[in-house]
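Q: The structure follows.
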Amino acid sequence: MGRHSSKISRIEHGKILPSAADIHGWCDHCAANDQVADLVASLRAVESAYVEWRRLETSGLRPLQVSYLPLYEATRRFRVYQSHVVPGLIQTPDYATALLSSIAAFRRLPDDIEAAVTARVERQRLLSHGDHRFAVVLEESVLRHQIGPADVMAAQLGHLIAVATLPSMSLGIIPFDTPDRPVWPVEGFGIFDDDRVNVELLSARVIVTQPREVAVYTQAFTGLAGLAVHGRTARSLITAAIDALGDDPGTRPA
């Protein structure tokens, strides 16, 4: 192939990725040209699986928020787990503004917060329109991590109570004192049907599409969902978090 042996060694040991040209040359020498298309497609999938936020948010937060809409519209079954913040699909505009403002400041992004919030909230129409089903599992810590002022957080918690009544929504909360957990608190992730998992890290977005890896996240979600409380018990955890804010009782849900 005309490649240096050290490069071939690095590819073989997974230290670097082959290029499309490397794949073409390798398959040609192995008389396996019928595999080129699949292997190049796999390469492209690997290249897009881990993408740093700085590459996705060069012009601000709005374009990324808009880019998610086709995926959300096409998905019928959503399974979402969060251990730190309220998921975007059930955020109030004020909570989303506080959270995205913090993200933009941390990453030193252009200020397009208002437009980004509008795009994020636009996806929430799927909660009541179309054939979509949502299972959301939150650690109790999500209720206690204050994002924005107390009144913003109280309104967000009240919104969780309202969202939980939607026919399309199953909202569960894992209490702090849950014993003997088969699954520990992990990074937040979303499962889209049975095809894709989005994982948000501090520095990058990870997209998982390998069936065996999707199965791992599905297994984890099933275990986490089994730990969650729902209905009246979940509501009591939410109202307790509202009370802990010491906010004006008038802002509390009826």
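Q: Residue 16: under 28 Å from the mean Cα position of the chain (by Cα) and surrounded by fewer than 18 Cβ atoms within 10 Å (Cβ to Cβ), yes or no?
A: Taking the combined requirement at face value, the residue satisfies it.
Q: So residue 7 ticks every box in (1) at positive phi; (2) surrounded by 13 or more Cβ atoms within 10 Å (Cβ to Cβ) but one. Which box is left unticked?
A: It is condition (1) that residue 7 fails.
Q: Right, something else. Out of everything in region 55-65 that is at pLDDT 90 or above and assigned to a helix (DSSP H, G or I), what residue ends up being nearest to residue 205 (Cα to Cα)?
A: Among residues in region 55-65 that are at pLDDT 90 or above and assigned to a helix (DSSP H, G or I), the one nearest to residue 205 (Cα to Cα) is 56.
Q: Please tell me if residue 61 is in contact (Cβ under 8 Å) with a residue 24 or more places away in the chain, in contact with a helix residue (DSSP H, G or I) (Cβ under 7 Å, 6 or more places away or on another chain) and either over 22 Å from residue 118 (Cα atoms) or surrounded by fewer than 14 Cβ atoms within 10 Å (Cβ to Cβ) (or both).
A: Taking the combined requirement at face value, the residue does not satisfy it.
Q: Within the set of pairs 6 or more residues apart or between chains, which connect a residue that is free of Cβ contacts under 8 Å to residues at least 60 places away in the same chain and under 17 Å from residue 30 (Cβ atoms) inside region 1-15 to a residue that is surrounded by 11 or more Cβ atoms within 10 Å (Cβ to Cβ) and not small (Gly, Ala, Ser) with Cβ atoms less than 6 Å apart?
A: 11/18
Q: Right, next: Run down 36, 51 and say which single residue is in contact (Cβ under 8 Å) with a residue 12 or more places away in the chain, touching a Cys at 6+ places or on another chain (Cβ under 7 Å) and surrounded by 12 or more Cβ atoms within 10 Å (Cβ to Cβ).
A: 36
Q: Is region 175-184 home to any residue that is surrounded by 13 or more Cβ atoms within 10 Å (Cβ to Cβ) and modelled with pLDDT under 95?
A: Yes, because at least one residue in region 175-184 is surrounded by 13 or more Cβ atoms within 10 Å (Cβ to Cβ) and modelled with pLDDT under 95.
Q: Can I ask one more? Which residues, counting only those in region 174-193, are outside any loop (DSSP other than H, G, I, E, B) and within 17 Å of the chain's Cα centre (by Cα)?
A: Matches in region 174-193: 189, 190, 191, 192.
The values are calculated or read from the model by the stated rules, or taken from the named source; none is laboratory data. Fair warning: this is a prediction, and the values are worked out from it, not measured in the lab. Positions of Cβ are backbone-derived with ideal geometry, glycine not excepted, and every protein chain shown enters the neighbour counts.
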